[in-house]
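*Asks:* First, the structure itself, so that you have it in front of you.
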Amino acid sequence: MQVLDGKTVAHAVKQEIKEKLINFKKNGGKTPHLAAVLVGNDGASETYVASKIKNCEEIGFKSTLIRFEENVGEDELLHTITVLNENVDIDGILVQLPLPKHIKEEKVINLINPDKDVDGFHPSNVGRLVQGLPAFIAATPYGIMLMLKHYQIETTGKHAVVIGRSNIVGRPMSILLSQNMPYGNCTVTLCHSKTKNLKAMCLQADIIVAALGKPEFLTGDMVKENAIVIDVGINRVKDDSKKKGYHLVGDVKYDEVAPKCSYISPVPGGVGLMTIAALLLNTFNASVRNRKLID
Ligand code: NAD
């Protein structure tokens, strides 16, 4: 069993970006600039955004954090997006989800200039992805693809079961794995909350991507020998012995599943780190693209 080590792969991806950045700047490119918009005080969202900002600093990108109170009006948020769209110094825009209920996420995402949509959530980027055209790909599935590439995992002809059909993880993941390209070419089954006999589906899978947000849902008896298991879940489990009052677990019962796997990604230390690396790569690519547009 080989652990898919997000720390190692993310580090390698970031090193590659750093090297590309040196060349880009030598050739007159400017420092890539990511704008992150955070609404409210949700603990997990705060942690994710802080980590994205910190990673930008570490890699040598500029970042701007724009914070709003929970009760910000939709119009004010939309106005901010318009301003960021028009600012030529901003290469990438991300709006941390979820947004409060009184704001329509769809409206906000759809307003982001697709060329600055480094989260890959805009319908234009999703459509391009589906058609196999160059696109910003949602950072988590993109990060998983980078992980498969790093470990040179052969996926062609394999049966992949993706559990979860969200727009940000499961659905784009199912598209990427089924595409005719390296680390794709799988036969994909996309499972969700209405799927019947999920266990039977999983037992047929050579690759399982667990992205449903249920702590330790995938158990040892649901996985066949030598399967490749990618755990996307990040679940907080109450734990009074920890300073924070919780610890993180994935959607996979690691101790039971890992011994059966050929490869498995842990939580923490797996896909989460890849998500940030992929976001940085998207931001760098947005900057390269932005420069071409300015020139
Ligand atoms: P979501 O709640 O939007 O979607 C969950 C999906 O799981 C739904 O499509 C639902 O149909 C499916 N589902 C729910 N219960 C099910 C069940 N019993 N059987 C089969 N399918 C079921 O969640 P999301 O935003 O896609 O996130 C999923 C998990 O991944 C969460 O734990 C989230 O925190 C985590 N996540 C991690 C990263 C990362 O960087 N590692 C990024 C995004 C999300």
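The values are calculated or read from the model by the stated rules, or taken from the named source; none is laboratory data. All of these numbers come straight from a predicted model, not from anything done at the bench. Cβ coordinates were reconstructed from backbone atoms using ideal geometry, including for glycine residues, and neighbour counts include every protein chain displayed. The protein model used for the area step is the full one, side chains on, heavy atoms only, and it has no ligands, DNA or RNA in it. Shrake-Rupley method; radii C 1.70, N 1.55, O 1.52, S 1.80 Å.
*Asks:* For region 246-295: of the residues being among the β-branched types (Val, Ile, Thr) and open to solvent by 10 Å² or more (accessible area, probe 1.4 Å), which is farthest from the ligand (Cβ to nearest atom)?
*Replies:* Ile294
*Asks:* Is there a residue being at pLDDT 95 or above, touching a helix residue (DSSP H, G or I) at 6+ places or on another chain (Cβ under 7 Å), surrounded by 15 or more Cβ atoms within 10 Å (Cβ to Cβ) and part of a loop (DSSP other than H, G, I, E, B) anywhere in region 37-58?
*Replies:* no
*Asks:* Tell me whether region 187-195 contains one or more residues that are free of Cβ contacts under 8 Å to residues at least 40 places away in the same chain, within 16 Å of the ligand (Cβ to nearest atom), closer than 21 Å to Gly6 by Cβ and open to solvent by 30 Å² or more (accessible area, probe 1.4 Å).
*Replies:* No: zero hits.
*Asks:* For the structure I just gave you, tell me whether Glu76 is in a helix (DSSP H, G or I), open to solvent by 30 Å² or more (accessible area, probe 1.4 Å) and within 20 Å of Gly29 (Cβ to Cβ).
*Replies:* For Glu76, the condition - in a helix (DSSP H, G or I), open to solvent by 30 Å² or more (accessible area, probe 1.4 Å) and within 20 Å of Gly29 (Cβ to Cβ) - is not met.
*Asks:* Just for region 147-172: of the residues that are open to solvent by less than 30 Å² (accessible area, probe 1.4 Å) and closer than 22 Å to Gly92 by Cα, which one is farthest from the chain's Cα centre (by Cα)?
*Replies:* Only one residue tops the list, namely Pro172.
*Asks:* Also, I was wondering about something else. Residue under question is Ile93, and the condition is that it be crowded, with 16+ Cβ neighbours inside 10 Å, in contact with a strand residue (DSSP E or B) (Cβ under 6 Å, 6 or more places away or on another chain) and in contact (Cβ under 8 Å) with a residue 24 or more places away in the chain; does it hold?
*Replies:* yes
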